[in-house]
Amino acid sequence: MSEFRKRLTLAAVLVLAFAVSALTIGCPIKFFTGIPCPGCGMSRAVVSCLHLDFDAAFRFHPLFPLAPVVVAYIIFGDRLPRHANTAVGAVIAAAFIAVYVYRIFFTTNPVTAIDFDSGFVVKSIKAIFSLSGG
């Protein structure tokens, strides 16, 4: 299998996983831990964008315009010179980390609210201890 085909398959799997999680449990990280991931709100932002509701898209995730860029980077990133590939990846990662930190610590957006009690792990532990009488 060619490198391009592997990258295309990876992008397709990521898009499919994105769609399935958006239609079922939402963010798997937030579902299990109660802590949002750096991409939390992205699926709702893309859907809002497709409905031409850019204000809602921005509120769900301000980096929603990068979604197609990230997919293109996954598919075609190996065609860039090595230093450019590294730089593009670093800029994308830095943007997501910066926005994540800002959203977690400086906003009251419910998309990025941390709620350990809503996570599957904490719920499971509480259920186990309540069954055992502890």
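Tabulated data for the structure shown
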| item | result |
| --- | --- |
| Residue check for Ile97: of a type in the set (Val, Ile, Thr), out of contact with any helix residue (DSSP H, G or I) (no Cβ under 7 Å at 6 or more places or on another chain) and at pLDDT below 90 | no |
| Check on Gly26, surrounded by 15 or more Cβ atoms within 10 Å (Cβ to Cβ) and either in a loop (DSSP other than H, G, I, E, B) or of a type in the set (A, V, I, L, M) (or both) | yes |
| Criterion (out of contact with any Ser or Thr (no Cβ under 9 Å at 6 or more places or on another chain) and among the acidic types (Asp, Glu)) met by exactly one of Asp115, Asp55 | Asp115 |
| Residues that are in contact with a helix residue (DSSP H, G or I) (Cβ under 8 Å, 6 or more places away or on another chain) and small (Gly, Ala, Ser), drawn from region 119-129 | Gly119 |
| Matching helices (runs of 4 or more DSSP H) fully within region 33-134 where at least 1 residues are loosely packed, with under 15 Cβ neighbours inside 10 Å and under 14 Å from the mean Cα position of the chain (by Cα) | 67-76, 82-106 |
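This table checks each residue for (1) within 17 Å of Asn109 (Cβ to Cβ); (2) free of Cβ contacts under 8 Å to residues at least 40 places away in the same chain; (3) not acidic (Asp, Glu).
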position: Ser2; (1), (2), (3): no, yes, yes
position: Leu16; (1), (2), (3): no, yes, yes
position: Asp55; (1), (2), (3): yes, yes, no
position: Val71; (1), (2), (3): no, no, yes
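The values are calculated or read from the model by the stated rules, or taken from the named source; none is laboratory data. Everything numeric here is computed off the predicted structure, so don't read it as measured data. We place every Cβ from the backbone using ideal geometry, glycine too, and count neighbours over all the protein chains shown.
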